[in-house]
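Written below as structure tokens is the structure these notes are about.
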Ligand SMILES: Cc1cc2nc3c(=O)[nH]c(=O)nc-3n(C[C@H](O)[C@H](O)[C@H](O)COP(=O)(O)O)c2cc1C
């Protein structure tokens with residue numbers, strides 16, 4: 001069993017990664033149903049929380065059925081982060097996570113997210129400020145370092161543990177890499193192998209199948225795996241990995257009934273949580289993923305992305321089940337999209 005503060009997780013837990021515009025409550029609901037053991041919110045700006053910005057506050061919504069959940073915050077100022085930590089505390093999540101990994105320019109170049117990797121003393125001051133201002137277990141998610149020449153994760157891990165964090169998730173890339181190349185788990189393994197490190201170490205980066213998860217579990221010895229992109233449109237990845245870890249068997253691909261049921265739940269939760277207009281609009285980017293592999297789906301998809309009433313969309317989804325009932329999906333590899341391809345470094 002893995003423990004983060006008083007939070008008990010099963011052996012080799014599978015974590016849903018924090019993902020801006022993705023890991024919101026509707027998406028977390030379907031990941032929870034499909035076996036995610038610990039989930040994180042999208043990152044939340046500490047400055048936004050302090051200013052009472054609606055978007056930041058809304059990201060603090062957590063529902064009992066999805067627990068345990070970690071709230072992730074970012075920022076480059078001690079006082080703001082400490083204050084934000086107090087605000088998060090009051091909303092009663094299970095974990096408070098600090099983001100020292102976000103590579104996008106508007107965050108990293110303003111001394112937050114992965115930008116903090118360039119200034120270890122600042123990272124320690126920020127973390128200390130957060131640990132001291134919350135009663136929640138504090139965790140950190142970060143990258144290997146800023147660039148190829150400054151991969152300081154081993155030192156970062158020790159220093160963060162010393163200042164009181166209770167788990168560490170490491171994305172096996174540097175900030176400069178963004179999403180290029182493949183994640184390097186060798187250094188993650190080194191952190192885990194360090195006899196001084198007592199806190200759980202979770203590996204992150206490029207896990208897209210049960211086979212790869214188990215291969216990396218055995219090869220790199222991490223305490224658990226955090227999954228991001230592979231879960232988008234394919235939340236079954238969590239149960240598939242757990243099943244493979246336990247039995248060595250690959251589960252069959254989800255049926256059309258299962259795909260549509262998950263898609264419907266995602267839609268209904270989006271509708272309820274975001275409201276009818278935004279909920280329906282933002283759901284449109286998910287249909288392609290849920291229905292991937294179905295032949296000649298274009299016409300149905302066209303309806304799904306243009307209809308404006310939830311009942312009409314649900315009807316189309318029911319029609320899809322009837323039309324494709326019994327269709328045998330091929331088990332195709334999950335495609336991991338380079339989300340920050342166009343982000344100027
Ligand atoms: C759309 C998107 C949004 C992301 N937003 C966040 C975020 O808010 N906080 C964070 O720590 N990482 C964020 N990440 C990084 C992921 O948590 C994860 O580290 C990365 O995708 C690598 O894992 P993967 O290969 O399993 O996707 C984001 C990634 C994507 C694709």
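The values are calculated or read from the model by the stated rules, or taken from the named source; none is laboratory data. Since the model is a prediction, treat every value here as computed from it, not as a measurement. Counting neighbours? That spans all protein chains shown, and the Cβs are built from the backbone with ideal geometry, glycine included.
Checked against the criteria, residue 94 does not count as surrounded by fewer than 16 Cβ atoms within 10 Å (Cβ to Cβ), away from the ligand (no atom under 16 Å from the Cβ) and at pLDDT 95 or above.
Looking across the stretch 241-257, just one residue is away from the ligand (no atom under 14 Å from the Cβ) and within 17 Å of residue 17 (Cα to Cα), and that is 242. A single member of 129, 84, 36 is buried (at least 24 other Cβ atoms within 10 Å of the Cβ) and more than 30 Å from residue 206 (Cα to Cα), and it is 84. Within the stretch 174-187, does at least one residue satisfy the condition of being away from the ligand (no atom under 14 Å from the Cβ) and modelled with pLDDT of 95 or more? Within the stretch 174-187 (the criterion being away from the ligand (no atom under 14 Å from the Cβ) and modelled with pLDDT of 95 or more), the answer is yes, since at least one residue qualifies.
Take residues that are over 18 Å from residue 31 (Cα atoms) and tell me which of the helices (runs of 4 or more DSSP H) falling wholly in the stretch 255-345 contain 3 or more. Once the helices (runs of 4 or more DSSP H) in the stretch 255-345 are filtered for at least 3 residues that are over 18 Å from residue 31 (Cα atoms), what remains is 276-283, 298-304, 310-324.
Screening the candidates 218, 204 for the property of being surrounded by fewer than 19 Cβ atoms within 10 Å (Cβ to Cβ) and either within 16 Å of the ligand (Cβ to nearest atom) or in the same structural domain as residue 104 (by the TED database) (or both) yields one hit, 218.
Within the bounds of the stretch 164-171, is there any residue that is more than 16 Å from the ligand (Cβ to nearest atom) and part of a loop (DSSP other than H, G, I, E, B)? Yes: one or more hits. For residue 276, indicate whether it is over 24 Å from residue 140 (Cβ atoms), within 16 Å of the ligand (Cβ to nearest atom) and at pLDDT 95 or above. No, not satisfied.
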